[in-house]
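> Encoded as structure tokens, here's the structure I'll be asking about.
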Amino acid sequence: MPPLIFRKGLDLKDAVAGELAQAYHSALVDRVKASDYRLTSGRLTIHLAREFGFCYGVDRAVDYAYQARRRFPDRHVFLTGEIIHNPHVNDRLRAAGIRFLSDPGERAESRGPDDVVILPAFGVTVAEMLQFERLGCTLVDTTCGSVLNVWKNVARFAQDGFTAVIHGKVHHEETRATASQALKHPNGRYLVVLDQQEALAVCDYIRHGGPREAFLARVDQKASPGFEPARDLERIGCANQTTMLMSESLEIERMLRQAMLDRYGETALADHFRAFDTICSATQERQDAVLALLDETALDLMIVVGGYNSSNTCNLARMCAERVPTFHIADGTCLVSPAEIRHRPIGPPSTAGMIERTARDWLPAGGALAIGLTAGASTPNNIVGEVIATLAGYGGEGQVESVPAGPAS
């Protein structure tokens, strides 16, 4: 008998709405949004981006996790790993009794028909899905629809004999799951590129060829098993991890298209190159909102809130840092004082890492200050509210209460 799989919730949305609101909503954020996304406190004005925080896919994934815990109170409920890249959300799920198969001592192969397994918003690999089905676990699938759209295109690439070139982080859960979709077909192939520099190496090989072993050494662990560059770069299709920087994904697509055009010519391009729009709309909306804020407001500095391992949050910080001094913080506790802030250094994905640093005298003394604020798609409003409340206190208004809102409508 096939396992039970829940993909459209567990009919308990109303039952958990109050719990979710208490945990993740913020009346202060609602107040700032109602005031044209602006709050003034003494010499300090906070400008909130018009799209920020939880996207639909993240909101849905967290909702389903709470529904699963409520639906199966007497069964072991597991997550394959982090449901989203936000430590506060994951810690709350642990506190609710949901165990993580990625934690020490937990073993996926030990699960069985009495266990409930939640698949995260990033999705899981084809092999992991087959394992849980074979074990007979009840599955709650929260995979984001934007991710499923990328999977569909990657599977189509493989079916038609095109190698999927995926702009993403090779160890990211979503990219691993996306790459596995190519291997569903006997001749499916993939290659993951992190940035434009790695894409340039692929473009050079497409145009000119080169030493096979040197190229394979360069893409080690980033390509499908048995990857042969001369064969597998002859026909390629572009895809991306949905949380990557949109402008960079589009530039990598342009680079690869031009390389194929140079190699095969315009008339044969369609036989060798494909691309589909696999940019997540929520990711794009948050990036567009940050650009609009930077264009329309003279900011003294920018604060980006979200998990340090959140790809979309890191990319928002990179965008802001090109225009204005920017600090990527995990939550309100990182705002130690007007003289001290803990933050993640901002840089390319391959160099920045996740080491938290401390900066001194980060908030300019004296005079009016305009501070921009945004948050990654995995950051709940209560965390944003805590940051706003702390900043407002620095402006001279005194303590601004950051209380949760009532149940979301």
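The values are calculated or read from the model by the stated rules, or taken from the named source; none is laboratory data. Computed from a prediction, not measured in an experiment: that's the story for all the values here. In this analysis, Cβ positions are derived from the backbone assuming ideal geometry, glycine residues included, and neighbour counts consider all displayed protein chains. Just so you know, the surface numbers come from the protein's heavy atoms only, side chains and all, with ligands and any DNA or RNA stripped out. Shrake-Rupley method; radii C 1.70, N 1.55, O 1.52, S 1.80 Å.
> Among the candidates V165, V150, single out the residue that is assigned to a helix (DSSP H, G or I) and surrounded by 23 or more Cβ atoms within 10 Å (Cβ to Cβ).
Residue meeting the stated conditions: V150.
> Given the criteria without any contact (Cβ under 8 Å) to a residue 24 or more places away in the chain, closer than 23 Å to T243 by Cβ and in contact with a Lys or Arg (Cβ under 9 Å, 6 or more places away or on another chain), does F52 qualify?
no
> Same structure again: Can you go through E386, E356, E397 and tell me which one is of a type in the set (D, E), under 29 Å from Q22 (Cβ atoms), modelled with pLDDT of 95 or more and open to solvent by 50 Å² or more (accessible area, probe 1.4 Å)?
Answer to the check: E386.
> Out of all the residues in region 256-276, which are hydrophobic (A, V, I, L, M, F, W, C) and more than 16 Å from A158 (Cβ to Cβ)?
Selection gives L256, A259, M260, L261, A268, L269, A270.
> Looking only at region 130-140, decide whether some residue is modelled with pLDDT of 95 or more, touching an Asp or Glu at 6+ places or on another chain (Cβ under 6 Å), within 30 Å of F72 (Cβ to Cβ) and open to solvent by less than 20 Å² (accessible area, probe 1.4 Å).
yes
> Could you list all residues from region 218-246 that are of a type outside the set (D, E, K, R) and touching a helix residue (DSSP H, G or I) at 6+ places or on another chain (Cβ under 6 Å)?
P229, L233, G237, C238, A239, N240, Q241, T242, T243, L245, M246 - these are the residues of region 218-246 that are of a type outside the set (D, E, K, R) and touching a helix residue (DSSP H, G or I) at 6+ places or on another chain (Cβ under 6 Å).
> Quick one: would you say I84 is more than 30 Å from G367 (Cα to Cα), at pLDDT below 95 and in contact with a helix residue (DSSP H, G or I) (Cβ under 7 Å, 6 or more places away or on another chain)?
When the stated conditions are applied, I84 passes them.
> Mind listing whichever residues of region 161-187 are over 20 Å from A199 (Cα atoms) and not small (G, A, S)?
Matches in region 161-187: E173, Q181, L183, K184, H185, P186, N187.
> Let me ask something else. Of T242, T175, which residue is under 21 Å from C144 (Cβ atoms) and touching a strand residue (DSSP E or B) at 6+ places or on another chain (Cβ under 8 Å)?
T175
> Additional query: With the requirement that a residue be surrounded by fewer than 22 Cβ atoms within 10 Å (Cβ to Cβ) and out of contact with any helix residue (DSSP H, G or I) (no Cβ under 8 Å at 6 or more places or on another chain), what does region 54-68 give you?
D59, R60
Here's the yes/no breakdown for (1) open to solvent by 60 Å² or more (accessible area, probe 1.4 Å); (2) of a type in the set (A, V, I, L, M, F, W, C); (3) more than 26 Å from N312 (Cβ to Cβ):
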residue: V16; (1), (2), (3): no, yes, no
residue: L28; (1), (2), (3): no, yes, no
residue: A34; (1), (2), (3): yes, yes, no
residue: A49; (1), (2), (3): no, yes, no
residue: H76; (1), (2), (3): yes, no, yes
residue: V89; (1), (2), (3): no, yes, no
residue: L101; (1), (2), (3): no, yes, no
residue: G112; (1), (2), (3): no, no, yes
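> Among the residues of region 306-319, are any in contact with a strand residue (DSSP E or B) (Cβ under 8 Å, 6 or more places away or on another chain), open to solvent by 10 Å² or more (accessible area, probe 1.4 Å), of a type outside the set (D, E, K, R) and outside any helix (DSSP H, G or I)?
yes
> Hand me the list of helices (runs of 4 or more DSSP H) wholly inside region 189-288 holding 2 or more residues that are open to solvent by less than 20 Å² (accessible area, probe 1.4 Å).
By residue number, 196-208, 229-232, 246-264.
> Consider T143 carefully, then state whether it is assigned to a loop (DSSP other than H, G, I, E, B) and among the hydroxyl-bearing types (S, T, Y).
yes
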